[in-house]
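To keep things clear, I will list the structure first and then write my remarks on it.
The values are calculated or read from the model by the stated rules, or taken from the named source; none is laboratory data. Fair warning: this is a prediction, and the values are worked out from it, not measured in the lab. Positions of Cβ are backbone-derived with ideal geometry, glycine not excepted, and every protein chain shown enters the neighbour counts. With ligands, DNA and RNA removed, areas are computed over all heavy atoms of the protein, side chains included. Shrake-Rupley method; radii C 1.70, N 1.55, O 1.52, S 1.80 Å.
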Amino acid sequence: MSLEFIEGKIDDIRAEAAGVIDEYSRTQDEVSRDPNLTDTGKREHLAPIHESTSEKLKALRQQEKDVVRAKRENLERSVFGLPAGSASDPARLVSFRDAQDRANRLTDRDEAEQAYKSALRSDDSVLAQAILGQALTRGWSNVTSDYLERNPQSRADLVDLKAIREYEQNTLAASVHYSMPSLSAAVPMSVPRVSSGQLNDMFYNSPGKYR
């Protein structure tokens with residue numbers, strides 16, 4: 001599944017943040033030019049506005065994090081989680097937890113491959129899925145390649161999942177959109193705003209730039 005659907009959500013959140021910053025900058029500009037206020041008076045006037053604006057930006061930054069986290073968790077459930085409706089089935093839930101425990105105990109590549117093949121022969125998709133998780137963590141490409149060949153949708157989800165995780169690790173690139181101007185009585189400088197860009201370009205074409 002493409003990540004394009006969250007791009008619009010994040011762009012909307014960042015646009016709202018830009019508007020909040022612009023509004024504060026206009027207020028700062030008006031106060032800084034007020035001849036009836038001293039520098040101390042200007043800062044005292046701006047302080048509560050600066051604080052409330054900072055809180056708005058923090059909330060918007062959290063919204064972006066929530067959008068990305070929700071998508072990541074959805075992808076993780078798709079690749080590694082219980083099938084839809086299984087959470088309400090106690091037997092399936094026990095089977096899932098048992099499979100996770102068995103997979104987590106695998107530390108040898110050959111042993112893992114044998115366990116994976118055994119799961120396929122017995123049509124135990126839950127265990128095969130659990131072993132995939134371990135294979136991805138440990139770099140067992142023999143298991144990973146076979147699983148993804150049999151489950152092409154998981155391949156697409158894993159590509160998206162990898163991109164999402166890289167994006168989450170790049171806190172600086174995202175945080176710049178929510179940077180609050182410092183509290184100052186000076187006339188604000190006009191600073192070119194960093195474009196939000198295209199998330200798909202970030203995710204797929206230049207991931208190294210955002211680490």
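Side notes on the structure shown:
- One residue stands out among those in region 86-101 that are in contact with a helix residue (DSSP H, G or I) (Cβ under 8 Å, 6 or more places away or on another chain) and either of a type in the set (Gly, Ala, Ser) or closer than 12 Å to LEU132 by Cα (or both): the one that is most open to solvent (accessible area, probe 1.4 Å), which is ALA87.
- Selected residue (criterion: farthest from LEU136 (Cα to Cα)) from residues of region 156-172 that are within 12 Å of the chain's Cα centre (by Cα) and surrounded by fewer than 17 Cβ atoms within 10 Å (Cβ to Cβ): THR171
- Checking the stated criteria, GLU113 turns out to be assigned to a helix (DSSP H, G or I) and surrounded by 13 or more Cβ atoms within 10 Å (Cβ to Cβ).
Yes/no per residue for (1) touching an Asp or Glu at 6+ places or on another chain (Cβ under 8 Å); (2) β-branched (Val, Ile, Thr); (3) open to solvent by less than 80 Å² (accessible area, probe 1.4 Å); (4) assigned to a helix (DSSP H, G or I):
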{"residue": "ASP22", "(1), (2), (3), (4)": "no, no, yes, yes"}
{"residue": "THR27", "(1), (2), (3), (4)": "no, yes, yes, yes"}
{"residue": "ALA47", "(1), (2), (3), (4)": "no, no, yes, yes"}
{"residue": "GLU51", "(1), (2), (3), (4)": "no, no, no, yes"}
{"residue": "VAL68", "(1), (2), (3), (4)": "yes, yes, yes, yes"}
{"residue": "SER78", "(1), (2), (3), (4)": "yes, no, yes, yes"}
